[in-house]
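The values are calculated or read from the model by the stated rules, or taken from the named source; none is laboratory data. These figures come from a predicted structure and were not determined experimentally. Don't worry about glycine lacking a Cβ; one is built from the backbone with ideal geometry, like all the others, and counts go over all protein chains shown. Surface areas here come from the heavy atoms of the whole protein model, side chains and all, with no ligands, DNA or RNA. Shrake-Rupley method; radii C 1.70, N 1.55, O 1.52, S 1.80 Å.
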Amino acid sequence: MAYKGLTDVEVRERQEKYGMNELYKKKKHSIFKKLLEVITEPMFILLILAATIYFVLGEARDGAIMLVFVFGMISIETIQEWKTDKTLKALKELSSPKVRVIRNGIEVEIDSLYLVPDDIMILYEGIKIPADGIIMDTLGLCVDESSLTGESEGKWKKAFIKEEADEYFKAYCCYAGTICIQGKAYVKVTNIGLNTEYGKIADSVLNEKAQKTLLEKQTSKLVKICAILAGILFLVVGILTFIISKGTIKNRFIDGILSGITLAMAMIPEEFPVILTIFLSMGAWRLAKKNSLVKKLPAVETLGAVSVLCVDKTGTITENKMEVSEVSYKINSFPNEDEKKEIAKISLMASIKDSFDSMEIAILNYASNLDINIEDKIVHSFPFTNETKMMGNVYQVEDKYTLAVKGACETIIELCPSLSPDDKENINKLVKEYSLKGLRVLAVAKEVSSEIIDTLETRNMEFVGLITFVDPERKGIKENILKCYNAGIRVVMITGDNGDTAGAIAKKIGIKNYDKCITGSELNEMTDEELKTKLNYVNIFSRVIPEHKMRIVKCLQELGEVVAMTGDGVNDAPALKKADIGIAMGKHGSDVAREAADLVLLDDNFNTIVSTVEDGRRIYDNIKKAIGYVFTIHIPIALASLIAPMLNITSEFLFLLPLHVVLLELLIDPTCSIVLERQPAEPDIMNRSPRKITDSLIKKSLLFKSIIQGLVLFMMSFGSYYYYYQISDVYTARSFGLTILFLGNLFLVNVNSSDKEFAITSFKKLLKDKVMWITNILTILCLVIIIYTPLNNILKLDPLTPLELLVAVIFAVISVFWIEIYKLFKKRIKK
């Protein structure tokens, strides 16, 4: 049939009306907006306020140091986001492929960006379909629609005759984002861009509000509580200092403001952003080395809290490619070698050699492994159609013609009159058994004739056998599913495939309750409450569409589960965005799926998910240790600021000035956080249940331990300072107390690296860690520099004598390592 296509004028009219064939791109946040968000956080407001006061008082250097801290924090986060964006750009596929169309009566190749409705596209093997359309004419067109439907089996298409209402995805339609794997067709474009099925899903992904991670919710709540408390204490201490201080009103006001700011800075956990950024950035960097790209940093930790893992079958659990599983001859499940070669040979003869179809490729590989090759010339071909349900080729060898066919079993056996009714019944029974195992089955037959064969009707064929195909599960998937169960993570399979296939694969890889399945049509009849009841024991969902996946994820979340969703197709994208954490396949996944996900697997390996879960749990454990440590080190700083006014110590003679607090935060806390971040996972980390979403980030036991440790360190550091303040000058007293705080801070990291093991054991594990050695040496070097160099004058410190330094070290050891005695006592009680 000859097609004229659109004229240039008609194309321009449609482009003005419908626009370009493209999806809206997600807008990136402005760098200035990001800076504003960070600067408006309470801790930065306090730092900027303190820096401003220093500038007003003429202490420009002190103010400059504080501003360096502010911009340092912003830089860490900006650099990480830049690296992630750069890697994502490298991952993107070509978004606008070429396509052949008929315009002005001539076949031309254009950029698919310029496709418009009513264009006539010419589709052929290997092309990625760029728009939705109705098939006007076809020659054996088969399309891989797994990116939309989740089904790995190719869909055979037919030309449009009349409207069909039985299925959502029509046999006479082609859809954007799918791939032609066989045949040829002329297709009239109906929808482009966001109006395609692909585009509708992409649009819903962009409009779906991103979920806040569990860690973000917990830390946000904690920071708010501390900020409110800091605000109250800021006012109380500021007013109290103003009343107690002596001098002019201006000096008393400045004393009150500086004392209040010092206390507020001590109370607000300003190290939290440092800890979270360092821990999550380092975690993301390590995961990137393991082929896992983290798009959103908190997702690293959230995966460690996952209680339900929803997986798409095709491309996630399976390889999304076909392999020949086994062959059978009539009713014999195990043919001999000659029969096996005959089945492989006829299958190969009935195939298309240069095909993109996974089943054709599987037959070619299978025959190649048996050293079978066909060199005879094809004189006639019968492409697959929905009407015949089979395909084949005719070969001429001298004066004989050989017809080789393969196709649906029920069609093939009717063309084999030599089969008895019992044979047919047994063959159908065998096909059913194969189907229940999750295998796809083709029947193979042949016919030799002395006349040219030009039709498949009323043939006298000889039944050769059955050949079965399987979409193999990924290597190690069974072991990884078991690891998930041991870690208290439930695995739920959500697929567009049929229930028998899904159940068979679920049984094979060890998913529990594999015999219980809910279909998409059954989901449509259920209320959310009924679905939640079923979700208590059903782990298999088949024949689902994108809306079903989102609904399943939503109901699981409402049941209190932390849900991770894996997928590779555009049909998975909405659920990936809705889930607490979305995991997309980077190798074979669609652009929309990758954009919607929080985590992209660069190697498409399920094992990477399991190792990320383990790393997420390790990170969360270490974050808790770090937060406990932060509370501990803040207690002596806060109490020193709180008690100073009561002891009639003015701002000039405070133990810690705001500048010293910033120094501790800038040089000590982030550095020691690196050491805590590098702590290895506890041995039982993957043999315990995920934490509940109701669990607090700071438990009572951790808080109590931090308070006791902080009080002891306060008594040692402030007590020493106050003693020297009475008998000597304030600079020496401050140096002595600050030395105890510096070294005590360093020792705290080693002591708190494990709640169960002794500090020496944890230290031995990191003994070969160069980064750990560098951080410890730099911390000590920093202390030496601020006390024994001219910098001490700027920081209002004096150098200590060797004896004073030795006493300070002993006090620091006593103030921290008493907890080791408590650990020993605790272990003996347990025994």
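The single condition among (1) among the polar types (S, T, N, Q); (2) more than 46 Å from the chain's Cα centre (by Cα); (3) in a helix (DSSP H, G or I) that S418 does not satisfy is (3).
Scanning the range 379-390 for residues that are surrounded by 15 or more Cβ atoms within 10 Å (Cβ to Cβ) and at pLDDT 85 or above yields H380, F382, M390.
Give me a count of the residues in the range 772-831 that are more than 24 Å from F653 (Cα to Cα) and among the β-branched types (V, I, T). The qualifying residues number 12. Elements of the type strands (runs of 3 or more DSSP E) sitting completely within the range 503-588 and holding at least 3 residues that are of a type in the set (A, V, I, L, M, F, W, C) and out of contact with any Cys (no Cβ under 9 Å at 6 or more places or on another chain): these cover 581-585. Of all the residues in the range 165-199, those that are at pLDDT below 85, over 30 Å from S381 (Cα atoms) and surrounded by 17 or more Cβ atoms within 10 Å (Cβ to Cβ) number 2. For I635, the conditions (1) at pLDDT 85 or above; (2) surrounded by fewer than 23 Cβ atoms within 10 Å (Cβ to Cβ) all hold with the exception of (1). Of the strands (runs of 3 or more DSSP E) lying entirely inside the range 73-148, those containing at least 3 residues that are open to solvent by less than 70 Å² (accessible area, probe 1.4 Å), modelled with pLDDT of 90 or more and in contact with an Asp or Glu (Cβ under 9 Å, 6 or more places away or on another chain) span 98-103. Screening I674 on (1) out of contact with any Ser or Thr (no Cβ under 6 Å at 6 or more places or on another chain); (2) modelled with pLDDT under 75; (3) not acidic (D, E) shows it passes everything except condition (1). Checking the condition assigned to a strand (DSSP E or B) and either in contact with a His (Cβ under 8 Å, 6 or more places away or on another chain) or touching a residue at least 12 places away in the same chain (Cβ under 8 Å) (or both), which residue from V431, V448 passes? Within the list V431, V448, the selection yields V448. Criterion applied to S325, S281 was being hydroxyl-bearing (S, T, Y) and touching a helix residue (DSSP H, G or I) at 6+ places or on another chain (Cβ under 7 Å), and the one residue passing it is S281.
Residue under question is K796, and the condition is that it be of a type outside the set (A, V, I, L, M, F, W, C), at negative phi and not in a helix (DSSP H, G or I); does it hold? Taking the combined requirement at face value, the residue does not satisfy it.
One residue stands out among those in the range 421-447 that are among the small types (G, A, S) and at pLDDT below 90: the one that is farthest from Y329 (Cα to Cα), which is G438. Taking the range 452-481 as the range and being assigned to a loop (DSSP other than H, G, I, E, B) and farther than 24 Å from Y434 by Cα as the test, the residues that pass are I452, I453, D454, T455, L456, E457, T458, R459, N460. Yes or no: the range 360-376 includes at least one residue that is open to solvent by less than 50 Å² (accessible area, probe 1.4 Å), farther than 30 Å from K475 by Cα and at pLDDT below 90. Looking through the range 360-376, at least one residue is open to solvent by less than 50 Å² (accessible area, probe 1.4 Å), farther than 30 Å from K475 by Cα and at pLDDT below 90.
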